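The values are calculated or read from the model by the stated rules, or taken from the named source; none is laboratory data. Predicted model, so just to flag it, every value in this text is computed and none were measured. Methodologically, a virtual Cβ is constructed for each residue, glycine included, from the backbone with ideal geometry; neighbour enumeration extends over all protein chains shown.
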Amino acid sequence: MYFDPRVYAALISLQPAIPYDGIKPSGSCVYVSTPRPYENKSVSWDCEAGYYCLGPSYSSKFLCTDGFYCPENTQPVYCCAGYYCENPKTIKLCPEGYFCPIGTVNPLSCHYMASCPPGSTSANKYLIGVLATAIMLLILILFQIKKKVDEEKNKKYKRLLIEPRFENSEKTLDRVSKTFDIEFEDLGLVLPSGIEIMKGVSGSLVHGRTCAIMGPSGSGKTTLVSLLTGKIRRTDGKIKVKKFNENGIEVIGTSRQLDYYRKLIGFVPQEDIMLREPTIREILVHSALMRLPTEMPREEKKQKVIDVIKFLELSHVMDTVIGDEESRGISGGQRKRTNIGMELVAEPSILFLDGPTSGLDSATALEVCKLLKKVVKHQGITVAAVIHSPSENAFKMFDDLMLLGKGGRVVYFGPRDEAMNYFNDLGFVLPEDESEPDFIMEIASGRVKPKDDDLCLEDLYDLWLKFQYQKKNRASSVDSYSVSNEGIIINVESSLKPGRVRFWTPIYQTIHEFYHYVIDVGSEFSYFLKGLIFWTKDPVRQTPNVFFSFILLFKRACLQIYRNKTRFLFDLLLHFGCGALVSLATNGLDYIGRAPNQLCSIAPYVELSSCLNARDDLQTIGVLAALGVTFCGINAGTTTFGYEKVVYWRDTSSGMKTGPYFLAKSIADIPRMLIAGLMFSLAFILFYSYRARFGEIYVIILLTYIASWELGYFLSAIFSKEKFGLVGTGFALAFGMVLSGATPILDTVKENNSLKWIYWMFDISASRWSVEALYLKELDPRKWIEIHTESLKFTYSFDHYPKALYNIIFIALAWSCLAFLAMKLCNRDKQR
Ligand SMILES: Nc1ncnc2c1ncn2[C@@H]1O[C@H](COP(=O)(O)OP(=O)(O)OP(=O)(O)O)[C@@H](O)[C@H]1O
């Protein structure tokens, strides 16, 4: 291949001649494949300004395009950084208040956030730091104002507390209007694995009485409560409900199924599942407003909260936040009482408690048991509580005892004060130095034997059934003792259906579970549609509708954000920091197009490749930004729902609807997204010489943030919080980088037969559209370089900008819908 040695010399010499007018530009004109003007003055050229020639020996001349500088008798150079070339004939120093990157035709305004002395190649954006700080200060001021408003509100409640009627009155709670008895028979549970964890459990819970459910660890106490509250679907047995009016007279209920009365069942879980940001009062007010009947006036509901606070003796800490291990709030005992209070304010007719005394010292545990006794006395409701190793006094607070043994079998069920008599009759003798509840627990775990017998645990179960059988026969005037012991045992065994666990049981159980899952989802959906079309009312209790629930949940979500102000501000700093890092990575990246074709045609082979490919870093800049935003957005999104899933499950099991909750949290997140996007965008332009408008960059970054945020919602609905980090990183790399359309390049994927089937994946990636949108907006001010001569690369198109933005919005909506469905459909058993 032949090339002119003089042009070659020009190509490897990279410093073009700059007309020097007193002020030196801060940039330089060093870049590859741009020859400087031919300096050999002895050779004559015939190339007027605005045209370029390939050299003195070439006869043809070519029109110099905008963005280049072509004085007379030269080869073209890009208009130098720090200068601008209105046309290829002139070059001028960039004026003050403007900056001129390489190839500038019109100087770019420095905007309001930067300073640009004459000859600037980029804007010095020190004011951005000031702006970011101002935003943070403004947020702090808003938080302070909210604090003042809160303090006023607290004072109002304090006044309510010290009103004379409270000062003098005994701390009482009104009787509830509906009470229930629950009868259960032969309850059984076989897990999908085929393991039977509960078998033949029968008994009844009577209104106006407290029942302690006890047994060794793993005996199935929690399982029993879950079966009774409908959290787990039983595989065997019956549960029936008897309804009573205010005078304790049995009335025929609309249904005898416990599920039907779900809104009247209170369940206090073993862990203190509640948000940590609100105060005790706020949590109780929220619970009351969400769960009490709509016909009850709002003031009465608030009064109810005050009553419960008084009753639980929490008045002095009612305006203290709950807190957790990280941020100290109320004490463990107070948290337990609040946990119970959340149910009490909702006026349940039946209250189940799973380990209300777990983790408490004996004095506090006794206090809680006394409280339960008092609740039953005042309200006449049904209370059943799982109790772990109670003290003698705490044990006495219960009227009935359900004692379970290993494998979920009943060892004893009946009045608590008759339990010891029963065991005495079996030959167990309470040692003098041992407390009654401890001894009973030892019996149930098979650690003590009767004095003159060698009974094993299995015998205890059979003996209990035998005892029951005899009691039943006595009641029906049949002489139980006419039946041989052997006969009874055979009877009993047959009622327990031994040998039910076959090898197909797991398969059967799985199909059974799936069937019920579909029925459950289907019936909820049809119930929802029915409610929507016929505006039907809940016959048991009409609680706030979707709109009012939304308002209450939205207020709570805002409160959470406000109470987490340190985290909020720190998050903003992190978004700013991430944007600054991405910006740093883009430093020096630019678009300077390609050298004119004619010049390239005579370039040496080594220069040819860089000569033919325009230097175009816009896509790389876009990918860096999209990757950073996707990482930040996903991570921020997972915090919204991910860390309060258990609270969500508790709330839904007590009647909260997923729709208003999801919408309320999402809308409360909007300011977070807006400010996070702003912080990132401000930091992103710190070191990056952007040519689009700041508003355009902000819109692209914000929409990508929203789409990633929603993806974070989805991930947090599917995965547990321990997995967010890794799963989020994986998704960010996939959607922010691989599917951004840069590597692999969209064109390649489209044309490659083995890859084109995954092209749709690029279409559902927000970053692919945001990179294109940013590319187009950044290219727009550079159109003078090659817009009319070159077609766009990467399957991009100049009219794609609105489409790209719409697509990001659709992707965000799609992730949002998926997140909602995932929340609704995953872990349904925990939402019951
Ligand atoms: N979904 C499940 N999958 C597998 N095993 C289960 C499941 N639910 C319960 N079990 C098992 O059933 C048994 C009873 O569990 P449960 O939590 O009801 O016991 P517990 O008496 O409440 O125990 P603790 O007093 O320690 O809380 C345990 O052995 C438990 O491992």
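Within segment 560-571, residues that are within 12 Å of PHE143 (Cβ to Cβ) and touching a residue at least 40 places away in the same chain (Cβ under 8 Å) sit with their Cβ atoms under 6 Å from residues that are charged (D, E, K, R) and crowded, with 17+ Cβ neighbours inside 10 Å, at 6+ positions apart or across chains, in these pairs: ARG563/GLU277. Restricting to segment 647-697, name every residue that is over 22 Å from the mean Cα position of the chain (by Cα), of a type in the set (Ser, Thr, Tyr) and either surrounded by fewer than 20 Cβ atoms within 10 Å (Cβ to Cβ) or not in a helix (DSSP H, G or I) (or both). Residues satisfying the conditions are TYR688, SER689, TYR690.
What pairs come up if the first residue lies in segment 809-825 and is in the same structural domain as LEU663 (by TED's automatic domain parsing), the second is modelled with pLDDT of 95 or more and of a type in the set (D, E, K, R), and their beta carbons are under 8 Å apart, counting only those six or more places apart or on different chains? From segment 809-825, the pairs are ALA812/GLU710; LEU813/GLU710; TRP815/GLU710; SER816/GLU710; ALA819/GLU710. When you scan segment 171-184, do you find a residue that is surrounded by fewer than 17 Cβ atoms within 10 Å (Cβ to Cβ), modelled with pLDDT under 85 and in a helix (DSSP H, G or I), even just one? No, there is no match, as no residue in segment 171-184 is surrounded by fewer than 17 Cβ atoms within 10 Å (Cβ to Cβ), modelled with pLDDT under 85 and in a helix (DSSP H, G or I). In the set PHE794, PHE762, PHE798, only one residue is buried (at least 20 other Cβ atoms within 10 Å of the Cβ) and either in contact (Cβ under 8 Å) with a residue 12 or more places away in the chain or touching a Gly at 6+ places or on another chain (Cβ under 8 Å) (or both); that residue is PHE762.
If I filter segment 359-390 down to residues being under 24 Å from LEU457 (Cα atoms) and among the small types (Gly, Ala, Ser), which single residue comes out as farthest from the chain's Cα centre (by Cα)? Per the criteria, the residue is SER389. Of all residues in segment 199-215, those being crowded, with 22+ Cβ neighbours inside 10 Å and either within 8 Å of the ligand (Cβ to nearest atom) or in a loop (DSSP other than H, G, I, E, B) (or both) number 2. Residues of segment 83-114 being on the phi > 0 side of the Ramachandran plot and at pLDDT 85 or above, which ones? The one that is on the phi > 0 side of the Ramachandran plot and at pLDDT 85 or above: GLY97.
One residue is enough: does segment 234-257 have a residue meeting the conditions modelled with pLDDT of 75 or more, over 30 Å from GLU442 (Cβ atoms) and within 15 Å of the ligand (Cβ to nearest atom)? Checked segment 234-257: at least one residue is modelled with pLDDT of 75 or more, over 30 Å from GLU442 (Cβ atoms) and within 15 Å of the ligand (Cβ to nearest atom). Take the conditions (1) in contact with a Cys (Cβ under 7 Å, 6 or more places away or on another chain); (2) modelled with pLDDT of 85 or more; CYS600 misses just one of them, which is (2).
Hey, any hits in segment 433-447 for a residue that's in the same structural domain as SER362 (by TED's automatic domain parsing), within 16 Å of the ligand (Cβ to nearest atom), out of contact with any strand residue (DSSP E or B) (no Cβ under 8 Å at 6 or more places or on another chain) and in a helix (DSSP H, G or I)? Yes, segment 433-447 has at least one match.
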